[in-house]
1. What is the gain in length, in nm to one decimal, between A159 and L43 on full extension, counting 0.36 nm per residue of separation less the C-alpha to C-alpha distance?
2. Between rounded, prolate and oblate, where does the range 133-187 land on the alpha carbon gyration tensor, with a ≥ b ≥ c its root eigenvalues, rounded for a/c under 1.5, else prolate if a/b exceeds b/c?
3. Whose amide H sits under 5 Å from the amide H of V146, counting only residues 5 or more places off or on another chain, with H placed in the peptide plane?
4. Express the accessible area of the range 173-237 per residue in Å², computed with a 1.4 Å probe while the remaining protein chains stay in the model.
Amino acid sequence: APAPYRGGHARCAEFEKVRFAALPASEEEVRELGALWGEDDGLVVTGGDAGEEAFKRLARGRRVLHLATHGFFLGGECRGEATGSRGIGGMVAGPRAEVRESPLLLAGLALAGANHRNDAAAGRDDGILTAEEIAALDLSGVEWAVLSGCDTGVGALAAEEGVLGLRRAFLIAGARTVVMSLWSVADKPARSWMAALYRARLERHLPTADAVRAASVELLRSRRQAGASTHPFYWAGFVAVGKWR
């Protein structure tokens, strides 16, 4: 197999200053999902082991890829991290912004080492997995790519091309279905939604569209019963694209 592509990342001065906060619920999430899969079928990689090199080495040939981490989309304006979310504060294009970078450099995921990316040597993995790097991988065996982070379905809108970001990158790489977020998602509700998604898929054997709906309905119902806010922000942020079975 060819060596994994090691791309750069967008030249955004404010992005260089961003530091990604810990997401306690994300580790709980992947361990809970790993238990659903079972030791023989699931591989859980967390902490310092969950870096770019590990993803590029282990992702090929997997039926399901689940990434619970900070996601981002960069535009013309960069702002700081939003506390308690799996994003970096809604990096969106301002009304006068001109995007000059490759659109696939503007979206990505923060993996192990991302907070030390400025110290990475040239040509070495820096902890930022960009959409451009993902698009260069062979993920043709992946049935589900589940991106459990903020703004993982957001990207640059290009005429006649649609939205260019993580969604497009995983589909280019060969993933059949991408489950992604349309906005910043809170850490704990995201964990609850993902657990409901996989229970619907693995235990009830629902097709993708029905599993996504079931997860949203379950989270909405549980929040209503608990007297918590039922605003769509908490339960409707994730959608799926691609093959619906």
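1. 37.8 nm
2. Details: a/c = 2.21, a/b = 1.13, b/c = 1.95.
Judged from the Cα gyration tensor, the range 133-187 comes out oblate (a/c at least 1.5, b/c at or above a/b).
3. L65, H66, L67, V179
4. 47
The values are calculated or read from the model by the stated rules, or taken from the named source; none is laboratory data. Everything quoted here is computed from the prediction, not taken from an experiment. Keep in mind that these areas ignore ligands, DNA and RNA; they rest on the heavy atoms of the full protein, side chains included. Shrake-Rupley method; radii C 1.70, N 1.55, O 1.52, S 1.80 Å.
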